[in-house]
Amino acid sequence: MSIENVLDNKTKLLLLDLRTDFQIEFEQKEIDYCEVFTKNRQATVYYNPKLIDNESIAHELLHIKLKRYDYVIGNHIYFSCLNHLKLQKIFNKFLCDYIGNCLDHYKMYPEYVEMGYSPEGFLTNGLDEKCSLLDIKSLNLSFLKTYKAKSIELYIGYLISIYADHVDNNYNEHLKFLREKDSDLFDIVSRFWDKWKVFDIKNIDAIYNSDLELADSFISDLVEWIKQKKIK
């Protein structure tokens, strides 16, 4: 049976709407979750037929929908840092893809809820806290005045994961320890996220509402922060 025959009406309507702009195919795969690969206007949604549910498919379709707005912040950060001697050690493809995924989740979650789906179905283990307090406490950004690139990567990922959480978990202690570890880096990432929260993805404009300018401002702050630091 085709997967499209088991989708509920809400997800079918979303799929029908998206197919006015995208060529969308479904492909079975031995995975514990759904995922989507999109290139240009072609998208493939991968799913496990034994674990299929409408929430997961709707989640991936909403990722596709965001492609309509052509913002490229995660990729822009990655390529902008490739030639920076220090930042390239931190902003690998995994971190930049993760940031991009979190940016998507913040913008698409309200529509997911409007479709009538529950918060726990939005992500795997959807109600759990997205970042461990123990991991944060054990994170050491520097040793003998040398900053560790992997630790900075984790720090940024932890903070972004907290800000992107779609449910109201209590992160007061997490944020307290992250700020104590490096208040300047904390403020840089927080400023970036606050700008994203109010960024209008439906009206991107090179002058008045630029996604590239938002990313470049983030990178510029990081360049200044890292300037006098040794990175290993």
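Figures for the structure shown
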read-out: Residue match in segment 33-46 (condition: assigned to a loop (DSSP other than H, G, I, E, B) and either aromatic (Phe, Trp, Tyr) or in the same structural domain as LEU212 (by TED's automatic domain parsing) (or both)); value: yes
read-out: Criterion: free of Cβ contacts under 8 Å to residues at least 60 places away in the same chain and in a helix (DSSP H, G or I) - qualifying residue of ILE77, ILE64, ILE24; value: ILE64
read-out: Residue tally, condition in a helix (DSSP H, G or I) and either in contact with a helix residue (DSSP H, G or I) (Cβ under 8 Å, 6 or more places away or on another chain) or not assigned by TED's automatic domain parsing to the domain that holds SER138 (or both), over segment 165-179; value: 6
read-out: Among the residues listed as ASP70, ASP104, the single one being closer than 27 Å to ASN9 by Cβ, in contact (Cβ under 8 Å) with a residue 24 or more places away in the chain and not β-branched (Val, Ile, Thr); value: ASP104
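The values are calculated or read from the model by the stated rules, or taken from the named source; none is laboratory data. A quick note: this is a predicted structure, and the numbers were derived from the prediction, not measured. FYI the Cβ positions are ideal-geometry reconstructions off the backbone, even for glycines, and counts take in every protein chain you see.
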